[in-house]
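Worksheet: the structure to be examined is printed underneath.
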Amino acid sequence: MTLPLNRDRSLEELERTRWPAPSADDTRLVTTAHALRRRPIGELAVEDLRLLIRQGMGLPYLLPLAMEVLRENPMAEGHMYEGDLLSAVLARNPSVWDEFPDLGRELRVITSKLTDLPPDLQQKVELFLAP
């Protein structure tokens, strides 16, 4: 089940969970994730979605946003490589799609039409599409 999206609210507000400030010893990834959790989800860029989804954060709110991007451009690119958002979405545990069956069906349609993918991404698509 996907949750209603209030794009003016942050993950912290939507999830009603505030994380403590990162410590000086935390990695750049941790510090970045903390900052992104405080930003309204409607302001998140492709790279922000990729990073948070790859970390498994805010999936009920961020997967629908990612699907909006992927509908328009399945090979949308953050800061890593062409198709990195799709890669992050496909890397989710398969049980995620049990929670979001409509998104899973839509992702199957999108990925089934893709051709000439880089080998790593092709492998993820094939694993996702496998019965």
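The values are calculated or read from the model by the stated rules, or taken from the named source; none is laboratory data. Fair warning: this is a prediction, and the values are worked out from it, not measured in the lab. Using ideal geometry, Cβ is built from the backbone for each residue, glycine included, and neighbour counts are taken over all protein chains shown. These area figures cover heavy atoms from the full protein model, side chains too; ligands, DNA and RNA do not enter into them. Shrake-Rupley method; radii C 1.70, N 1.55, O 1.52, S 1.80 Å.
Structural remarks
- Taken together, LEU52, LEU14, LEU5 contain a single residue that is open to solvent by 50 Å² or more (accessible area, probe 1.4 Å), touching a residue at least 40 places away in the same chain (Cβ under 8 Å) and hydrophobic (A, V, I, L, M, F, W, C), which is LEU5.
- Among the residues making up the stretch 20-44, those that are part of a loop (DSSP other than H, G, I, E, B) and either open to solvent by 50 Å² or more (accessible area, probe 1.4 Å) or touching a residue at least 40 places away in the same chain (Cβ under 8 Å) (or both) are PRO20, ALA21, SER23, ALA24, ASP25, ASP26, THR27, ARG38, ARG39.
- Total residues in the stretch 101-131, condition acidic (Asp, Glu) and in a loop (DSSP other than H, G, I, E, B): 1
- Condition met for GLU72 (within 14 Å of the chain's Cα centre (by Cα), open to solvent by 60 Å² or more (accessible area, probe 1.4 Å) and among the charged types (D, E, K, R)): no
- Subset tally (residues that are on the phi > 0 side of the Ramachandran plot and either aromatic (Phe, Trp, Tyr) or touching a helix residue (DSSP H, G or I) at 6+ places or on another chain (Cβ under 6 Å) (or both)) for the stretch 1-60: 1
- So ASP98, is it modelled with pLDDT of 90 or more, open to solvent by 100 Å² or more (accessible area, probe 1.4 Å) and either outside any helix (DSSP H, G or I) or within 21 Å of LEU51 (Cα to Cα) (or both): no
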